[in-house]
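None of the figures in this text is laboratory data; all of them are computed from the coordinates on show. Computed from a predicted structure; not experimentally measured. Cβ placement follows ideal geometry from the backbone for every residue including glycine, while neighbour counts extend to all protein chains displayed.
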Amino acid sequence: MTLHSHKGLMFILDGLGDRPVPELQDRTPLEAANTPTLDKLLSRGIGGLMDPLAPGVPVDTHTGTALLTGVSLRDAQFLRRGPIEAAGAGVVLQNGDVAIRCNFATVEKDGNGFLIKNRRAGRLREEEVAELAKSLQKVDLGCGITGSIHPATQHRAILHLSGPELSAAITDSDPMSGSPLRIKTVIPHDPGNIRAAKTADVVNRFIRIACAQLPDHPFNRARRKAGRLEANGIICRGAGEMLVLDNLLHYLKLKAALITGDCTIVGLGRLLQHTVYTSPVFTALADTDIDAKIQTGLTALHEHEIVFIHLKGPDICSHDFNPTGKMEFLERFDAALAAVPIDDLVIGVTGDHSSDSIQGEHSGDPVPSLLFSPRGRRDLCREYGETGCCQGALGRISANHFLISMLDMMGSLHNYRSEDTKYYLM
Ligand SMILES: [Zn+2]
């Protein structure tokens, strides 16, 4: 018997789902958008509502995207921004290391602590961060532990801790919001966790050393002279340990590619060992070149069995309280999607989570989703949207099961053993 298989193309529209908004006559941006291509795919495929983690639970972009790209529900809860950003910056972590996401900030001494005058020191350029990072390499923090700063994209950086008995179960020094803003003392989540208590101590020590050294850096002397904001302090968040994550796609020996302009998703894709395609024209904003992303995806299909195209635009519009912009982005996406040949491809369209354009934040609402296969089933869904998908044949489906259903349609589950439940059970 010859087994027929299809290649798969999944679109991950960041923050796709939404709630009805008055400015769109009580429709969601997706319902209000004119989307003939998506409606056609849905009419020839099946629709449903996808819960990334669990019904009603809002998730981060990296969690929702990881679940759609082969990480199990069990492992997704261990994902942290530190190691993801580290992977994006090319920082190699050894087993037991801890990575924490950082900003250089403008701070001012205040008693025993520091007030934050500007969280990003006025948004530094990458080469400026690289220059500052050179002065903070292998800083001795005691107990055989060292800390180094590595530049990441734009104003971002990574604090990489190496040494014995570290733990990432610690709080952030970055207060995120509040007035006045003050660098927080890092503490262990559980005071009884000795490794975490030690790690919190060394992070606090690193911050104090950085705040003492940075004002003397030639970069800051020049900034001071020019009356500009100094990058004289460090704030950090999202501590995580090196992760070795099982991945369903590797288990099935499928080659996967991820196309994105978003630096966190670049890091996630590298961490998950998918091929990552990025480009300056993929801006991770609503102005991204959607056609170029789709063309890159179609080319990547020659070398890979499944390709994920991540588009950040819808989520950016929601965070900007801009449902009309979100609707217009989805219309542009729909027009670009018409270039995808559908005769031999399995196509999935979904999102990493829903985003509420009135509140400007992620919500726990399920994401309207569709699966199309040239030989697949059909249902009665006709209009792609929150309402139009809710009675579809996919029903209420998890992100893991959405991927598995797509792989089954592709004919890629021949090697899958039903007793190996880790990819579809918690
Ligand atoms: Zn997102």
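Rounded to two decimals, the Cα radius of gyration of region 203-253 over 2.2 N^0.38 Å is 1.99.
Within region 140-198, the proportion of C-alpha pairs whose separation exceeds 14 Å stands at 66%. Only Cα pairs under 8 Å and 6+ residues apart enter the sum, and on that basis the relative contact order of region 85-241 stands at 31 percent. Taking the chain as a whole, the Cys residues whose C-beta sits 4.7 Å or farther from every other Cys C-beta are Cys143, Cys211, Cys263, Cys317, Cys381, Cys389, Cys390. Computed over the alpha-carbon atoms, region 5-61 gives an Rg to Rh ratio of 1.00, Rh here being the Kirkwood radius from the mean inverse distance. Applying the Karplus relation 6.51 cos²θ - 1.76 cosθ + 1.60 with θ = phi - 60° to region 107-117 yields 3J(HN,Hα) values of 10, 9, 4, 8, x, 8, x, 9, 8, 9, 8 Hz, where x marks Gly and Pro.
Just checking the listed ones, Pro323, Pro368, Pro55: in the Gaussian network model of the chain with Cα springs under 10 Å, the one fluctuating most is Pro55. Considering only Cα atoms, the convex hull volume of the chain works out to 152 Å³ per residue.
Could you calculate the contour length gain from Leu285 to Gln94, that is, 0.36 nm times the residue separation minus the distance between their Cα atoms, to one decimal place in nm?
Full extension from Leu285 to Gln94 adds 65.4 nm.
Converting phi to 3J(HN,Hα) with the Karplus coefficients 6.51, -1.76 and 1.60 and the offset θ = phi - 60°, region 58-73 yields x, 10, 6, 4, 5, 5, x, 6, 4, 5, 7, 10, x, 7, 6, 4 Hz in sequence order, with x at every glycine or proline. Highest mobility in the GNM of the chain, judged by mean-square fluctuation with C-alpha springs under 10 Å and restricted to Gly411, Gly267, Gly17, is found for Gly411. Helices in the chain, meaning DSSP H runs of at least 4 residues, each add -39500 (n - 2.57). Divided by all residues, the mean residue ellipticity at 222 nm is -8500 deg cm²/dmol. Taking amide H as placed 1.01 Å from N in the peptide plane, the amide H of Gly96 sits under 5 Å from that of Met242, each at least 5 places away or on another chain. Roughly what % antiparallel, to the nearest 5, for the DSSP beta bridges in the chain? Antiparallel bridges: around 65 percent, rounded to the nearest 5. Put simply, region 85-241 fits an ellipsoid with semi-axes of 24, 18, 13 Å; these come from the alpha carbon gyration tensor as the roots of five times its eigenvalues, largest first.
Of the residues Glu386, Glu23, Glu305, the one that moves most in a GNM of the chain with alpha-carbon contacts below 10 Å is Glu23.
Here is the P(r) of region 1-130: all C-alpha pair distances, binned every 5 Å from 0, give 2, 7, 10, 12, 13, 13, 13, 12, 9, 5, 2, 1, 1, 0, 0, 0 in whole percents.
Assuming charge only on the beta carbon of Lys and Arg (+1) and of Asp and Glu (-1), the dipole of region 85-241 about its Cα centre is about 640 debye to the nearest 20.
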